[in-house]
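The values are calculated or read from the model by the stated rules, or taken from the named source; none is laboratory data. The shown structure was predicted, so the numbers you read here are calculated from the model rather than taken from an experiment. Every residue, glycine as well, gets a Cβ built from its backbone with ideal geometry; the counts of neighbours run over all protein chains shown.
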Amino acid sequence: MQNARPGLVVVAFAAAVVIPCSSLPARSRPGRPGPSPPPSVLLITIDTLRADHLGCYGYARIKTPTIDRLASEGVRFENAYAQVPITLPSHAAILTGTYPMLNGVRDFTSPGLAANVPTLAEILRRNSYHTAAFVSSFVLNSMWGLNRGFEVYDDSVDFDAPQAKNLSLLERRGDRTVDRFLNWLKKRESKPFFTWLHLYDPHSPYRPPEPFRTRYSARPYDGEIAFDDFQVGRVVERLRELGLYENTFIALLSDHGESLGEHGEREHGFFVYNATLRVPLILKLPGKLTGPRFISQPVGTVDIAPTIAQVCRIPPPETTAFQGHSLLGVTAGVASGSDYAVYGESYYPRNSFGWHELRTIITPRVKFVDAPKAELYDLERDPGERVNLISENSAAAASLRERLGEFERRFGNSAAGSAVPLDPETVEKLRSLGYVAFGTGSSDDPKAGRADPKDKIATFNQILHASDLTRSGRFAEADGLLNRLEGEETDLYVLYFSRGENYLAWGQPEPAVEQFRKALNLNPTFDQSALGLGRAYFLLGRDAQAAEALELALRLNPNNFPARLALAKVYWREEHPTKAESELARVVEAHPDYSEARAVYGIILVKLGKYREGLAELRWGINLGYQGAIAYNYLGIAEAHSGNRREAVKAYENAVTLNPRYAAAYLNLALEYRQAGRPAKAEDYYKKVCELSTELCRQYAPQFPPASK
């Protein structure tokens, strides 16, 4: 390590930037006085993009011609910082101009965007803008509230709940998202638009398509960036073709960077170092640029919404909720002073693991990180944040720590809602994308001892690695890794839960029970452990205990619809179809596109003799993509009772194709062919029944008398 330099001078903190009203260029229409029409706005966020991996930021190992040209035609901010290094809360700050302590979105355990926080899209829509968003990942699904104000919010990533573990179904490649945007652009009306285009490709895993895969075979992360640069090029070209480019304000930035192993972090979200907080920010203003093209002062992505509002000439009374500040004064060459600072945070270590949160203040020269072992860096001499100067500058650190508290008091929201547990399908999707979204249920006591995330990064990385091993079917390796971690982290409930999930995926429900019980003992409010326990008991045939665990899961989280579905299956097996029907009706009402719930609901309705209703539900579930032999068998029963004999036979045949040892479906085929007057075919299927089920063979023997054998 280098020698620390004592006597570092820390500048004061300021939260305001002075913006002159004249900073936006005004243009007149030919032959007419007055300003030009309000510009359109295109906000482009490229997920997980480090600033120092673009050509215009000095990176020589990549070709990003479109973004580089935007930078040459606009203003490039050298020191722009995200407020949170996680996709959802960072975009919440961008789209509302507010800090996470106010808008309520700090990580994926948050309840979503607070209803009383206005969005930029809502403001612009009220001011006669068309609003549309095209996002490329489930992590920005409308369920978290970022869709407010958008007439079009295209967040379809073509996934179905039972297939949630397939990562490719949880994100949309950039070219497909751009296709959707360009199709909308072609059909839009003539009034100005505000469009948000989100590209997710640089997020892990890095799998660029050709020719970028070959071109950047040794650096696939760079290949994803180059691919998205090409997609931005398609957008810019179309804007030029349509004559929209000149009067469109383009803001291109990222929500956060990627650690790529720096400070021991594989990806992002955990730490608040520059690798993940520093992001590219390029503004292409409408009209001719008159100010500087390069800005070195630190700015935050929370400043984007106020900047766009001023560009669009939104009356100031409508923007009072913004906590960031317009950057137009900076682009016009009006400096905010050397004392301006940017705030950043990560509550991810605390909210999902019970460790300490991280908060940071970044000034033009230094950066302070508040943690159990605080950190202070000279960004001019040490941009990689390798030399902690805290011991030689304790007074400066104390001053900045106090200003962090001042920041929380000024911008916080004491009325922010408490976290609402996510349903397990949502959590599983987030886990598939590399995020742990568990709520610890731990105390908010400020005196509670919390570990420094720096001391837990190895544990964090190994938990993520174990999840990867489970998803790839390497169950023994995952169990061995988690078992070793348990010896070091005896109080970390996530480890026991992860081990229980691994045992379930491994087909070993008995040891899974013990692990889920341990997780619940450490975190009694964790509904997903209760769900896992119920699933394990169900697989063991212990229905009473399964029902007890699943009912607990629903008391902890009424939104846990997989627990409600699992409870309905317990009732079904216990021959309580009316109870099962009641639970399933609630599931399909809340989640009408959940294919498994539709199919199981249809089965229960058929068992209750409600053939018409059951037929509709079964068809719906199968059309949504559900494939199950039992569902097809009951579909056949419903078709037969509706007089659709030919369709019934097709359904039974699908059932035995999916499960060649399904005796009940063979029996239904035998009965159908006997009724259709085809005894030989019926006999063949009845013989198959007798091979598979002595009980069914004996029970239906009177309908297939010995003379026919």
_Filter pass, ASP303 being of a type in the set (Asp, Glu), surrounded by 23 or more Cβ atoms within 10 Å (Cβ to Cβ) and touching a residue at least 12 places away in the same chain (Cβ under 8 Å)_ = yes
*Some residue of the range 645-659 being modelled with pLDDT of 95 or more and assigned to a loop (DSSP other than H, G, I, E, B)*: yes
_Every residue from the range 503-512 that is closer than 11 Å to LEU540 by Cβ and either surrounded by 24 or more Cβ atoms within 10 Å (Cβ to Cβ) or in contact with a Pro (Cβ under 9 Å, 6 or more places away or on another chain) (or both)_ = ALA512
*Hey, can you tell me all the residues within the range 453-491 that are outside any helix (DSSP H, G or I) and within 17 Å of PHE270 (Cα to Cα)?*
LYS456
*Could you check how many residues of the range 223-240 are crowded, with 17+ Cβ neighbours inside 10 Å and free of Cβ contacts under 8 Å to residues at least 60 places away in the same chain?*
4
*Count of residues meeting criterion [in a loop (DSSP other than H, G, I, E, B) and in contact with a helix residue (DSSP H, G or I) (Cβ under 9 Å, 6 or more places away or on another chain)] in the range 112-126*: 6
*Output the residues belonging to the range 77-101 that are surrounded by fewer than 24 Cβ atoms within 10 Å (Cβ to Cβ) and either under 19 Å from SER352 (Cβ atoms) or not polar (S, T, N, Q) (or both).*
GLU78, MET101
*From GLY625, GLY609, GLY677, which residue is farther than 24 Å from LEU565 by Cα and in a loop (DSSP other than H, G, I, E, B)?*
GLY677
*Scan the range 379-406 for residues that are of a type in the set (A, V, I, L, M, F, W, C) and under 33 Å from the mean Cα position of the chain (by Cα) and report the count.*
3
*Count, please, the residues in the range 611-644 that happen to be under 17 Å from LEU658 (Cα atoms), modelled with pLDDT of 95 or more and either of a type in the set (Ser, Thr, Tyr) or in contact with a His (Cβ under 9 Å, 6 or more places away or on another chain) (or both).*
2
*Could you list, in sequence order, the residues of the range 503-529 that are in contact with a Phe, Trp or Tyr (Cβ under 6 Å, 6 or more places away or on another chain), outside any helix (DSSP H, G or I) and at pLDDT 95 or above?*
TRP506
_Condition first: among the hydrophobic types (A, V, I, L, M, F, W, C) and either at pLDDT 95 or above or buried (at least 20 other Cβ atoms within 10 Å of the Cβ) (or both). Now tell me which residues in the range 126-143 satisfy that._
ALA132, ALA133, PHE134, VAL135, PHE138, VAL139, LEU140
*Single residue of the range 241-299 satisfying the filter (buried (at least 24 other Cβ atoms within 10 Å of the Cβ) and among the acidic types (Asp, Glu)) that is nearest to GLU345 (Cα to Cα)*: ASP255
*Residue pairs meeting the criteria (Cβ under 6 Å; at least 6 apart or on separate chains; first assigned to a strand (DSSP E or B) and at pLDDT 95 or above, in the range 63-82; second crowded, with 24+ Cβ neighbours inside 10 Å and of a type in the set (D, E, K, R))*: TYR81/ARG278
_Looking only at the range 628-644, how many residues end up being within 36 Å of the chain's Cα centre (by Cα), outside any helix (DSSP H, G or I) and more than 21 Å from PRO562 (Cβ to Cβ)?_
0
*asked:* Taking the condition of being part of a loop (DSSP other than H, G, I, E, B) and either surrounded by 14 or more Cβ atoms within 10 Å (Cβ to Cβ) or on the phi < 0 side of the Ramachandran plot (or both), how many residues in the range 574-598 meet it?
replied: 6
_Unique residue being free of Cβ contacts under 8 Å to residues at least 12 places away in the same chain and either surrounded by 23 or more Cβ atoms within 10 Å (Cβ to Cβ) or not in a helix (DSSP H, G or I) (or both) when the list is GLY500, GLY541, GLY532_ = GLY541
_Conditions (1) charged (D, E, K, R); (2) over 27 Å from ASP179 (Cα atoms); (3) in contact with a Lys or Arg (Cβ under 8 Å, 6 or more places away or on another chain); number of the one not met by ASP107_ = (3)
*Given the structure, is GLU683 part of a helix (DSSP H, G or I) and touching a Ser or Thr at 6+ places or on another chain (Cβ under 7 Å)?*
yes
_Take the conditions under 29 Å from ASN274 (Cβ atoms), over 20 Å from the mean Cα position of the chain (by Cα), buried (at least 24 other Cβ atoms within 10 Å of the Cβ) and of a type in the set (Phe, Trp, Tyr) and apply them to PHE108. Does it pass?_
no
*Looking at the range 620-638, which of the residues that are of a type outside the set (Ser, Thr, Tyr) and closer than 16 Å to HIS591 by Cα is surrounded by the fewest Cβ atoms within 10 Å (Cβ to Cβ)?*
ASN623
*Please specify each residue of the range 51-97 satisfying the condition of being over 25 Å from VAL135 (Cβ atoms) and aliphatic (A, V, I, L, M).*
ALA60, VAL75
*Which ones in the range 323-380 are surrounded by fewer than 24 Cβ atoms within 10 Å (Cβ to Cβ), basic (Lys, Arg), modelled with pLDDT of 95 or more and not in a loop (DSSP other than H, G, I, E, B)?*
ARG359
*Going through the range 127-153 one residue at a time, which ones are under 12 Å from PHE193 (Cα atoms) and outside any strand (DSSP E or B)?*
ASN127, SER128, TYR129, PHE150, GLU151
